Amino acid sequence: MNSEQQYIDLYLSHRDTVHRHAPACMNAPRDRALEDLRRGGFPSTTSEYYKYTDMQEAFAPDYGLNLDRRPVAIETADLFRCNVPNLSATPCFVVNDTFYSDGRLEASLPAGVYVGNIAGFAERHPEQAARYYGQAAHTNHDAIAALNTLFAQDGLVVYVPAGVTLERPVQLINLFRSTEPIMANRRILFVVEDGASAKLLVCDHSMGDTDFLSTEVIEIIAGRDAVVDYYDLEESSIRTRRFSSLFVTQEAGSNVLVNGITLNNGQTRNNYRARINGEGAELTLCGMAIEDREQRVDTYSHISHRVPRCTSNELFKYVLDDRAVGAFAGRILVCEGADKTEAYQTNRNICMTREARMYSKPQLEIYADDVKCSHGMTTGQLDEQALFYMQSRGIPLSEARMMLSVAFTSDVIDRVRLEPLKERLRTLVERRFRGEPARCAGCEHANGGSVKG
């Protein structure tokens, strides 16, 4: 039996339970997602874009799901904090796949802005919930999105109405916490309407020494002239598997930045799909992964330029040590009539050992005239001459390797538009290359321990 069949059977046998614990806007697309999952199934490793991620194998184990929405015994305000020094953020929490709030969110937000769970958004803004939820996430060509849409019952909404600037960034702390293997289906709806501006930082952590599996779907909807930042920082555990699909739709004049950084994990698959629908829109899509042991990160991106005079800049970097495996497949599509497009795609990688493996496939597909497009990929090792020069100046080899590795990743961090976060990331990346525990200095829980990294 294919792995997806157990989830299809589980949904059919618990359909009423799933629907009862979710708002109507989340239930509406489930039947379509079910048919898409039935028809397409999980992609196999013979698929062009899943050669290095075996979804059948990853989803075969029998993980527990919290379909009855039983609360997790955790006091988030007391047990956990994920601090970025000097970053005045609005914090919220998702434990496994349940949204938690201390009830103080609303008081700190401008009028009309909503930050909270999907059920609350559907109750307060039913028209917007029906309009936006599932608009960007297409399940017919993405098995992760189909499975997530089938089972997700809760999630985070950040809604910023037209003309409003959300000065303080929102920080979502995703926690995995369980004594038994568990699967979580997480959902984020990030809507920034015409002329509005907002920033969202998502931090993923795993607590406890057990197996975790997550599906995550993020929908980013940027209205005309909207400015949107989305930052994703993964610091989970070697026993965590994450399958994420992020969808972006942009209207005219919008400016969107998406930056995903993996500092620690077990296995990660990140899909990025962007549709640029309005003239003058700009998209910056970037990310990096620092991997060792037998960790794996597989990235797929698809940017669709559908109208003239838009710009996209894409940059992904990997540093792979030990027997780590990285993969990148990026596709830029310039549709017919999308003249004056500027689209740039770059993938740069370093393999620190002979056993590390990197697979890369950048692609351009152009059906328009008068465009400026380029793509490139390099994979190599640290510069031996630079290492020799630094050692000749008295710098130990391990320190020289760390310094060159940090410098290699700096241009991804430089694209961050939050200065406190940029400084924190520089510190975390340096600590990671030094072999220190990959966790934020402020990530602690009450018993004195730290989030596993």
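Do you know which residues across the stretch 97-125 are farther than 21 Å from Cys203 by Cβ and open to solvent by 80 Å² or more (accessible area, probe 1.4 Å)?
Glu106, Ala107, Ala111, Glu123, Arg124
May I ask you to list the residues in the stretch 314-350 that are of a type outside the set (Asp, Glu), farther than 20 Å from Ile413 by Cα, open to solvent by 10 Å² or more (accessible area, probe 1.4 Å) and without any contact (Cβ under 8 Å) to a residue 60 or more places away in the chain?
Arg323, Arg331, Leu333, Cys335, Gly337, Lys340
Among what's in the stretch 20-75 and is of a type in the set (Lys, Arg) and closer than 23 Å to His138 by Cβ, pick the residue that is surrounded by the most Cβ atoms within 10 Å (Cβ to Cβ). Show your work before the answer.
Let us first name the residues in the stretch 20-75 that are of a type in the set (Lys, Arg), namely 20, 30, 32, 38-39, 51, 69-70.
With closer than 23 Å to His138 by Cβ added as a condition, the list becomes 30, 32, 38-39, 51.
Working: Arg30: 21, Arg32: 16, Arg38: 12, Arg39: 9, Lys51: 16.
My answer is Arg30.
Any idea which residue in the stretch 199-220 is nearest to Gly163 (Cα to Cα), counting only those that are touching a residue at least 60 places away in the same chain (Cβ under 8 Å) and over 17 Å from the mean Cα position of the chain (by Cα)?
My answer is Met207.
I'd like to know if the stretch 77-91 contains one or more residues that are open to solvent by 30 Å² or more (accessible area, probe 1.4 Å), among the polar types (S, T, N, Q) and modelled with pLDDT of 85 or more.
Looking through the stretch 77-91, none of the residues is open to solvent by 30 Å² or more (accessible area, probe 1.4 Å), among the polar types (S, T, N, Q) and modelled with pLDDT of 85 or more.
Does any residue in the stretch 402-418 that is farther than 27 Å from Phe388 by Cβ and touching a residue at least 40 places away in the same chain (Cβ under 8 Å) come within less than 8 Å, Cβ to Cβ, of a residue that is open to solvent by less than 40 Å² (accessible area, probe 1.4 Å) and of a type in the set (A, V, I, L, M, F, W, C) six or more places away or on a different chain, and which pairs are these?
Arg415/Leu257; Arg415/Cys286; Arg415/Leu315; Val416/Leu425; Arg417/Leu257; Leu418/Leu87; Leu418/Leu201
From the set of residues in the stretch 133-165 that are more than 17 Å from the chain's Cα centre (by Cα) and within 15 Å of Asp97 (Cα to Cα), which is modelled with the lowest pLDDT?
Among those that are more than 17 Å from the chain's Cα centre (by Cα) and within 15 Å of Asp97 (Cα to Cα), it is Asp154.
If I ask for residues that are in contact with a strand residue (DSSP E or B) (Cβ under 7 Å, 6 or more places away or on another chain), under 10 Å from Ala281 (Cα atoms) and of a type in the set (D, E, K, R), which ones from the stretch 223-256 would you list?
Matches in the stretch 223-256: Glu251 only.
Looking at this structure, is Asp225 closer than 25 Å to Leu109 by Cα and part of a loop (DSSP other than H, G, I, E, B)? Steps first, answer last, please.
Numbers: closer than 25 Å to Leu109 by Cα: yes; part of a loop (DSSP other than H, G, I, E, B): yes.
In short, yes.
Pick from Arg241, Arg269: which is in a strand (DSSP E or B), in contact with an Asp or Glu (Cβ under 9 Å, 6 or more places away or on another chain), open to solvent by less than 10 Å² (accessible area, probe 1.4 Å) and of a type in the set (Lys, Arg)? Explain how you work it out, then say what you get.
Numbers: Arg241 fails: open to solvent by less than 10 Å² (accessible area, probe 1.4 Å).
Matching residue, one of Arg241, Arg269: Arg269.
I'd like to know if the stretch 5-12 contains one or more residues that are within 11 Å of Thr149 (Cβ to Cβ) and in contact (Cβ under 8 Å) with a residue 24 or more places away in the chain. Step through it out loud before you land on a result.
Of the stretch 5-12, the ones within 11 Å of Thr149 (Cβ to Cβ) are 11.
Filter once more, so that each one left must be in contact (Cβ under 8 Å) with a residue 24 or more places away in the chain: 11.
The answer is yes, given that some residue of the stretch 5-12 is within 11 Å of Thr149 (Cβ to Cβ) and in contact (Cβ under 8 Å) with a residue 24 or more places away in the chain.
Among the strands (runs of 3 or more DSSP E) lying completely within the stretch 325-410, list those that include at least 3 residues that are β-branched (Val, Ile, Thr). It would help to see each step written out before you state the result.
Working: elements: 325-334, 342-351, 357-366, 372-380.
It comes to 325-334.
Arg186: open to solvent by 10 Å² or more (accessible area, probe 1.4 Å) and within 16 Å of the chain's Cα centre (by Cα), yes or no?
Working: open to solvent by 10 Å² or more (accessible area, probe 1.4 Å): yes; within 16 Å of the chain's Cα centre (by Cα): yes.
The answer is yes for Arg186.
The values are calculated or read from the model by the stated rules, or taken from the named source; none is laboratory data. Note that the coordinates shown come from a computational prediction; the quantities given were computed from them, not determined experimentally. We place every Cβ from the backbone using ideal geometry, glycine too, and count neighbours over all the protein chains shown. Protein only, heavy atoms only, side chains kept; ligands, DNA and RNA dropped before computing areas. Shrake-Rupley method; radii C 1.70, N 1.55, O 1.52, S 1.80 Å.
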